[in-house]
Amino acid sequence: MVKSQKNDITSILQYPTTAYAASGDWSLIESTIGLKLPEDYKQFIEKYGSGKICDSVSIISPFVQNSDWSLLPYIQITTKSYQSYVDTGVINQLRFPTFPALNGLLPFGTTENSNCLNWLTKGQPISWVLIIWDPDTIEFVASGYRTLADYLIAILKNEHGILPHDALLGTSISAGFTAIDYDNSRFTKAIL
């Protein structure tokens, strides 16, 4: 199960009967990236697949065939986007190095408000800190969570301050999880 140190996400967020892009060759993905990915991320993808939490947060699956919604292209596009802020003079430098740099930020998710979810890949995957890119303020913000599971549980419990500017303020658990098949434009909603 997708567990945090405090809870099991599946007790809070119903998983879909059909999970899209939920399985594939993790060793190939990790070999391509050059890093082991956190276990709770892999468990989340295997249980939920691709889709949105509370109609707002997308955790990107590496098994989506559509390159607009697959993890490997998402990493490349997002890290280039971060660097473009420096290249165009909008900011002087990034607060953190970006992947593939040692201890760099590795993007893995996004929100409806264009916030990007990243791991700071320092140390072992279990200790990676979640860092959020806030495009409104053009800065990286530490989430205060060390695991994806803890972070998602905070979202589902509607705890304030989990995203910059309380991006999910007003969303409720009733929004559930929407499984999205980005390869065939289908979706199903699971509500607890």
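The values are calculated or read from the model by the stated rules, or taken from the named source; none is laboratory data. All values derive from a computational prediction rather than experimental measurement. With ideal geometry, Cβ positions are generated from the backbone for all residues, glycine too; neighbour counts draw on all protein chains shown.
Of the conditions (1) modelled with pLDDT under 80; (2) in contact with a strand residue (DSSP E or B) (Cβ under 9 Å, 6 or more places away or on another chain); (3) over 14 Å from residue 41 (Cβ atoms); (4) not in a strand (DSSP E or B), residue 179 clears all except one; give me its number.
Checking residue 179 against (1) modelled with pLDDT under 80; (2) in contact with a strand residue (DSSP E or B) (Cβ under 9 Å, 6 or more places away or on another chain); (3) over 14 Å from residue 41 (Cβ atoms); (4) not in a strand (DSSP E or B), the one that fails is (4).
Just name the residue that is surrounded by the most Cβ atoms within 10 Å (Cβ to Cβ) out of those in segment 103-137 that are hydroxyl-bearing (Ser, Thr, Tyr) and on the phi < 0 side of the Ramachandran plot. I'd like the intermediate steps shown before the answer.
So the first thing to find is which residues in segment 103-137 are hydroxyl-bearing (Ser, Thr, Tyr), and the list is 110-111, 114, 121, 127, 137.
Going one step further and asking which of them are on the phi < 0 side of the Ramachandran plot, we end up with 110-111, 121, 127, 137.
On the way: 110: 20, 111: 21, 121: 27, 127: 13, 137: 10.
Looking at residues that are hydroxyl-bearing (Ser, Thr, Tyr) and on the phi < 0 side of the Ramachandran plot, I get 121.
Looking at 88, 110, 121 in this structure, which one is in contact with a Gly (Cβ under 7 Å, 6 or more places away or on another chain) and modelled with pLDDT of 80 or more? Let's see the steps before the verdict.
Numbers: 88 fails: in contact with a Gly (Cβ under 7 Å, 6 or more places away or on another chain); 110 fails: in contact with a Gly (Cβ under 7 Å, 6 or more places away or on another chain).
Among 88, 110, 121, only 121 is in contact with a Gly (Cβ under 7 Å, 6 or more places away or on another chain) and modelled with pLDDT of 80 or more.
Kindly indicate which of 152, 148 is buried (at least 22 other Cβ atoms within 10 Å of the Cβ), closer than 16 Å to residue 36 by Cβ and modelled with pLDDT under 90. Outline the logic, then answer.
Working: 152 fails: closer than 16 Å to residue 36 by Cβ.
Only one candidate qualifies: 148.
With in contact (Cβ under 8 Å) with a residue 12 or more places away in the chain and more than 16 Å from the chain's Cα centre (by Cα) as the only criterion, which of 62, 16, 38 stands out? Walk me through how you get there before you give the answer.
Numbers: 62 fails: more than 16 Å from the chain's Cα centre (by Cα); 38 fails: more than 16 Å from the chain's Cα centre (by Cα).
Going through 62, 16, 38 in turn, just one is in contact (Cβ under 8 Å) with a residue 12 or more places away in the chain and more than 16 Å from the chain's Cα centre (by Cα): 16.
Does segment 58-68 contain any residue that is β-branched (Val, Ile, Thr) and part of a loop (DSSP other than H, G, I, E, B)?
Keep residues of segment 58-68 that are β-branched (Val, Ile, Thr), which gives 59-60, 64.
Now restrict to residues that are part of a loop (DSSP other than H, G, I, E, B): 60, 64.
Yes; the residues of segment 58-68 include at least one that is β-branched (Val, Ile, Thr) and part of a loop (DSSP other than H, G, I, E, B).
Could you please let me know if residue 35 is of a type outside the set (Ser, Thr, Tyr), in a loop (DSSP other than H, G, I, E, B) and at pLDDT 90 or above? Steps first, answer last, please.
Values: of a type outside the set (Ser, Thr, Tyr): yes; in a loop (DSSP other than H, G, I, E, B): yes; at pLDDT 90 or above: yes.
Yes; evaluated as a whole, the condition is true for this residue.
Collect the residues in segment 80-101 that are free of Cβ contacts under 8 Å to residues at least 12 places away in the same chain and in a loop (DSSP other than H, G, I, E, B), keeping them in residue-number order.
The answer is 88, 89, 92, 93, 97, 101.
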